[in-house]
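**Q** I'd like to ask some things about the structure below.
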Amino acid sequence: MRQILGLAALALIWGPMAVAQQVPVTNYTLDNGMEVVVIEDNRAPIVTHMVWYRVGAADEPAGKSGIAHFLEHLMFKGTEAVPDGTFGEVVEANGGEDNAFTSQDYTAYFQQVAVDRLPMMMEMEADRMRGLILDDAAMLTERDVVIEERALRTDSDPGSLFSEQRNAAQFLNHPYGTPIIGWPNEVAALTLEDALDFYGQFYAPNNAILVVAGDVRPEEVLALARQYYGPLQPSEGIKNRLRPQEPPQRAERRLTYRDPRVATPYVIRTYLAENRQAGNQQEAAALGLLADVLGGGGITSLLGQRLQLDEGIALSTGAFYSGLSYDRDTFGVYVVPKPDTSLEEAEARLDATLEYLIENGVDADRLARSKASLLASEIYAMDSQMGLARRYGAALTSGLTVKDVQDWPDILQAVTAEDIQEAARGVLDIRQSVTGYLMGEKESDQ
């Protein structure tokens, strides 16, 4: 009966997914190399206007960590047409909102406004793509802001510091091991020349993707894009994104991070894992379902059922994997044990559960629930106009295509229990892992 219910839930979700997939998406490329993606969403007279740059923290010059995020801040410093600090004020005065964000693989800027304000947003965003004005005073002020941001968000949080150290241990050669916000000593040494060089090289139409989602017509958006972005000159500094790659990892790595502020110790392990590849997303889909089977849905997951319910040793458990990255990233699992269970015992029970899955595979009921869960997540993401725009922007700047995004739900649906078991055997290799213990200073790791 449980299997029937799982399949029924999947069928209920798959129907709306088919409708959601019919959202029209059109893409063009301007003469200067800028890609334009239009997502028609006529549910409300608003529009989300986003510019995504194919540059993130992993594309920074050696020794200049944090500059991608730093420049995100500097982009609000103003141009000749839009003076320092007034960009957001203009957006707000026109009833909209705006912001920006940086990842390892991209930097993005967005505004969400009424449809009739779209030309204004394009004009302003195109203006700062090549017309940013910076001086030492602006640079120094914003650098101090970034240093303070790091102090508040990273240095004051043991979990963030622990994560930073684990990433550095996982990626010995690839720049994913460097934090997006940058190492403190390198951020403090960034100069105006560093910022201008990075901006001049990467902030250009031939390194950007315009994503417009909303109550618009593709031909109208294309005409506006040609008017405002079309005249911008491309950068001659744009080359293929060839980053240093990880050498074969032949031995497991382990670390313990102690901090008196830690109230809830936990053990976490990450493995190097394949990312979603353009035209070949099957392995990533299997890994995504493996993560959900292992740790999605709380106590209904395999880790939750075994370690929280059956054995009663864990407060919480989980697994994670997105696959949406330009290069190989990680697949992870974690256990937060109860106070009377050591991290060593929690890790041993984690290993036993992983071995159980590798040997016995996934039962049909659990697979059906996981497919339903992931497909529901896809629907919820597309229910938001911003979610739609981010879905395509993040994928395209990670090396995927519009077709890859549209094919993803069907690829998830086609994954079999055998595919998941094979993915588990491939990724859950202790020799390609980093295991970390987060604990307070007085606790024992023996």
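The values are calculated or read from the model by the stated rules, or taken from the named source; none is laboratory data. Quick caveat: nothing in here was measured; it's all calculated off a predicted structure. FYI the Cβ positions are ideal-geometry reconstructions off the backbone, even for glycines, and counts take in every protein chain you see. To get the accessible areas, we keep the full protein, side chains included, count just its heavy atoms, and leave off ligands, DNA and RNA. Shrake-Rupley method; radii C 1.70, N 1.55, O 1.52, S 1.80 Å.
**Q** Give the residue from Pro61, Leu309, Thr191 lying farthest towards the positive end of the charge dipole for the chain; charges sit on Cβ (+1 for Lys and Arg, -1 for Asp and Glu) and the dipole is referred to the Cα centre.
**A** Selected residue: Leu309.
**Q** Let me ask another. Got a sec? Charge dipole of the chain, +1 on Cβ for Lys and Arg, -1 for Asp and Glu; which of Pro244, Val91, Met124 is way out at the positive end?
**A** Pro244
**Q** Within the chain, what whole-number % of the accessible surface is contributed by carbon and sulfur, with the 1.4 Å probe and all protein chains included in the calculation?
**A** Of the solvent-accessible surface of the chain, carbon and sulfur hold 51 percent.
**Q** Between the stretch 193-241 and the stretch 27-58, what is the separation of their alpha carbon centroids in Å?
**A** The stretch 193-241 and the stretch 27-58 have Cα centres separated by 9 Å.
**Q** To the nearest 20 debye, what is the magnitude of the charge dipole of the chain about its Cα centre, counting +1 on the Cβ of each Lys and Arg and -1 on the Cβ of each Asp and Glu?
**A** Details: 37 positive and 66 negative charges, 168 e Å.
Using Cβ point charges on Lys, Arg, Asp and Glu, the chain gives about 800 debye.
**Q** So, one more: Grab the Cα-Cα distance for Asn94 and Ile299, subtract it from 0.36 nm times how many residues apart they are, and report the gain in nm with one decimal.
**A** Details: separation 205, 0.36 × 205 = 73.80 nm, distance 4.64 nm.
Here the answer is 69.2 nm.
**Q** If you don't mind, there's one more thing I want to ask. Quick one: Kirkwood hydrodynamic radius for the stretch 237-286, alpha-carbon pairs, angstrom, one decimal?
**A** One decimal place: 15.6 Å for the Kirkwood radius.
**Q** Hey, what's the chain come to in accessible area per residue, 1.4 Å probe, Å²?
**A** 44
**Q** Tell me which of Ile379, Phe331, Ala352 sits at the most positive position along the dipole axis of the stretch 303-393, charges placed on C-beta atoms (Lys, Arg +1; Asp, Glu -1).
**A** Of the candidates, Ile379 comes out farthest on the positive side.
**Q** Here is a follow-up. What does the charge dipole of the stretch 113-243 about its Cα centre add up to, to the nearest 20 debye, if the Cβ of each Lys and Arg holds +1 and the Cβ of each Asp and Glu holds -1?
**A** My answer is approximately 600 debye.
**Q** I would also like to ask the following. Whats the longest run of the chain with zero GluC sites (Glu not before Pro) that are DSSP loop and have at most 12 other Cβ atoms within 10 Å?
**A** Result, exposed sites excluded: 237-440.
**Q** Under 14 Å from the Cβ of Pro205, count the other residues' Cβ atoms, weight Lys and Arg +1, Asp and Glu -1, and hand me the total.
**A** Once positives and negatives cancel, what remains is -1.
**Q** Write down, largest first, the equivalent ellipsoid semi-axes of the chain in whole Å, where each equals the square root of 5 times an eigenvalue of the alpha-carbon gyration tensor.
**A** 39, 29, 19
**Q** Using a Förster distance of 25 Å, how high is the FRET efficiency between Asp84 and Glu123, based on the Cβ-Cβ distance and rounded to 0.05?
**A** Working: r = 18 Å, r/R0 = 0.71.
Efficiency at R0 = 25 Å is approximately 0.90.
**Q** Would you please name the trypsin sites (Lys or Arg not before Pro) within the stretch 242-318 that are DSSP coil residues with at most 12 other C-beta atoms within 10 Å of their C-beta?
**A** Arg250, Arg261
**Q** Next question. Only helical DSSP H runs with n ≥ 4 go in: add -39500 (n - 2.57) per run for the chain, normalise by residue count and round the 222 nm mean residue ellipticity to 500 deg cm²/dmol.
**A** That comes out to -13500 deg cm²/dmol.
**Q** Just want to confirm a number: the relative contact order over the chain, from Cα pairs under 8 angstrom separated by 6+ residues, in percent.
**A** Numbers: 836 pairs, mean separation 102.3, N = 446.
In percent, rounded to a whole number, it is 23.
**Q** May I have the count of lysine pairs in the chain with C-alpha atoms under 29 Å apart, counting pairs 8 or more residues apart or located on different chains?
**A** For the chain, the number of qualifying lysine pairs is 6.
**Q** Now for a different question. Using a simple charge model, +1 on the beta-carbon of Lys and Arg, -1 on the beta-carbon of Asp and Glu, nothing else, what dipole does the stretch 305-441 show about its Cα centre, in debye to the nearest 20?
**A** Computed charge dipole of the stretch 305-441: roughly 500 debye.
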